[in-house]
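Here the structure is laid out as structure tokens; the discussion comes afterwards.
The values are calculated or read from the model by the stated rules, or taken from the named source; none is laboratory data. Computed from a prediction, not measured in an experiment: that's the story for all the values here. For neighbour counting, all protein chains shown are included, and Cβ atoms are generated from backbone atoms with ideal geometry for every residue, glycine included.
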Amino acid sequence: MNGEFARLKNDIDTLIENLKDADFFVPGEDLLIGCSTSEVVGHHIGKQSSMEVAELIFDAFSEVAAKFDVNIMFQGCEHINRAVTLDRDVAKKRGYEIVNVVPYRAAGGSLSEYAYEHLGNPAVVEHVTADRGIDIGQTLIGMHVRHVAVPFRTEQKTVGSANVTIAFSRPKLIGGPRAHY
């Protein structure tokens, strides 16, 4: 499996490099990561969770967070209502209501479990309004991306066997045909 993990690490590194080159990471903004580690390793979502894949993804985006001063958040699966694991200080600063659950593989997913165990001061909240999001394996992050979500295209379209969908948000356009933006 070492060769497989090397390929996955390369996919993640390439994805992050594409996003860096496109100035996707904005200091101070919230970046939501949704990931099915099962999909990454070529299985149906929720059927073959991998803590090793979770570690690869968490570590890569932790480096992004440190380098670009973004707040990383990790969406869980539907068994915890797609709740989001993040740093407790960020949750409080944003006014998010902290809920009482600890994500684990069978209810939350491997990445949420890993994030909860490795964030310095973790919290879980039911809903966020992230500025940007990366969905690895069709975990349906849209409910947590600020309106208006705009698709962001990159050359790296997969991580392992999982499809990758990326979005950022922009302010709503209001006012009709006479409005100026």
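Does residue 61 satisfy the condition of being more than 14 Å from residue 136 (Cβ to Cβ) and surrounded by 15 or more Cβ atoms within 10 Å (Cβ to Cβ)?
no
With (1) among the aromatic types (Phe, Trp, Tyr); (2) touching a residue at least 24 places away in the same chain (Cβ under 8 Å); (3) more than 20 Å from residue 29 (Cβ to Cβ) as the list, and residue 181 as the residue in question, which single condition is left unmet?
(2)
What single numbered condition from (1) exposed (fewer than 14 other Cβ atoms within 10 Å of the Cβ); (2) assigned to a strand (DSSP E or B) fails to hold for residue 173?
(2)
When segment 94-131 is examined, which residues are found to be under 18 Å from residue 30 (Cα atoms) and modelled with pLDDT under 95?
Answer for segment 94-131, where residues must be under 18 Å from residue 30 (Cα atoms) and modelled with pLDDT under 95: just 120.
Would you mention how many residues in segment 51-102 are under 16 Å from the mean Cα position of the chain (by Cα), hydroxyl-bearing (Ser, Thr, Tyr) and not in a helix (DSSP H, G or I)?
The qualifying residues number 1.
When residues of segment 128-138 are filtered for being within 25 Å of residue 93 (Cβ to Cβ) and either in contact with a Phe, Trp or Tyr (Cβ under 6 Å, 6 or more places away or on another chain) or in a loop (DSSP other than H, G, I, E, B) (or both), how many remain?
Residues meeting the conditions: 4.
Within segment 35-54, work out how many residues are modelled with pLDDT of 95 or more and touching a Lys or Arg at 6+ places or on another chain (Cβ under 8 Å).
So the count comes out to 1.
Of the conditions (1) out of contact with any Ser or Thr (no Cβ under 8 Å at 6 or more places or on another chain); (2) of a type outside the set (Lys, Arg); (3) farther than 21 Å from residue 37 by Cα, residue 140 satisfies every one except a single condition; which number is it?
The single condition residue 140 does not satisfy is (3).
Can you tell me which residue within segment 118-154, out of those that are touching a strand residue (DSSP E or B) at 6+ places or on another chain (Cβ under 7 Å) and among the hydroxyl-bearing types (Ser, Thr, Tyr), is surrounded by the most Cβ atoms within 10 Å (Cβ to Cβ)?
Within segment 118-154, the match that is surrounded by the most Cβ atoms within 10 Å (Cβ to Cβ) is 139.
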